[in-house]
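K.L.:
Just passing along the structure, written as structure tokens.
The values are calculated or read from the model by the stated rules, or taken from the named source; none is laboratory data. For clarity, every value in this text was computed on a predicted model and none was experimentally measured.
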């Protein structure tokens, strides 16, 4: 184990998150058990909401902190061949990969849970109350697992591991994007200008589509169908995949000023606004899926249905703004 201030802070955040996840599981189970008593159920549901919000805040802090932690391990692992944060991720790569998926997944699910709680509070009839109560315990267990996974990686031995650099030999020989780096190269996007074109065109299409769906229907006009929202959600998820590899292949080398250095981690640690762009990209790519799922819900009353429809449009509007902001930040940094 490498012990420094970043490790201690990570252990602290993981421990607090683990305790809050236990409290969330207990509060969710007690709220579900008291479902027959309206007053007690309301009090416990309110407590559950506070716990979920606090847990989401703690894990939201732990996510960017994890990448600063990777950067802090570079000097300690330099003797093992590590030259950047990417090299640190090559130490027990399966565990690090699981962590990098688990952290945003937990945050997205906690955020979705909280959105449903907000919709219920604004409605005369809580459409999603039972769903939130039933899902609170599994979601708490998932958050506990993510915290335990991080603690296990922090405590593991990181020395005596062979690591590889993110720069590939084919980059140095051909001066092009290596096919070992990205599947986009296999699809024909084997030059930075092609990658940038695909990234900005697809991102702009998602922004335009989400903005169009977010407009209130004209007087007497029909609102967009749920299937249209599913199509936009799929487009946004496809953009997330392209954005990941576009940042790896073209954005990172351009921002860092190192043509053959494909390290996403140093982009977000050395250029803080690129970290904001990364968060905005992830939110903008995932939010349309939440809006699409929410659009299939039918409120128990007309007022509840109107609240749900308004929440869907707000989520889509926020997704369009976030994606547009992320694209603008990237343009500023690569121009």
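K.L.:
Is region 111-118 home to any residue that is assigned to a loop (DSSP other than H, G, I, E, B), modelled with pLDDT of 85 or more and either on the phi > 0 side of the Ramachandran plot or assigned by TED's automatic domain parsing to the domain that holds residue 151 (or both)?
P.N.:
Looking only at region 111-118, we keep the residues that are assigned to a loop (DSSP other than H, G, I, E, B), and these are none.
Checked against the condition, which is being assigned to a loop (DSSP other than H, G, I, E, B), modelled with pLDDT of 85 or more and either on the phi > 0 side of the Ramachandran plot or assigned by TED's automatic domain parsing to the domain that holds residue 151 (or both), region 111-118 yields no hits at all.
K.L.:
With a cut-off of at least 2 residues that are in the same structural domain as residue 2 (by TED's automatic domain parsing), at pLDDT 60 or above and farther than 30 Å from residue 46 by Cα, name the helices (runs of 4 or more DSSP H) lying wholly within region 121-187. Let's see the steps before the verdict.
P.N.:
Values: elements: 129-155, 169-174, 183-186.
Here the list reads 129-155.
K.L.:
Take residues that are under 30 Å from residue 120 (Cα atoms) and either within 24 Å of the chain's Cα centre (by Cα) or not assigned by TED's automatic domain parsing to the domain that holds residue 290 (or both) and tell me which of the helices (runs of 4 or more DSSP H) falling wholly in region 1-109 contain 3 or more. Write out each step before concluding.
P.N.:
Working: elements: 5-33, 38-72, 85-89.
Here the list reads 5-33, 38-72.
K.L.:
Restricting to region 203-217, name every residue that is under 21 Å from the mean Cα position of the chain (by Cα) and closer than 20 Å to residue 331 by Cα.
P.N.:
Across region 203-217, the qualifying residues are 203, 204, 205, 206, 207.
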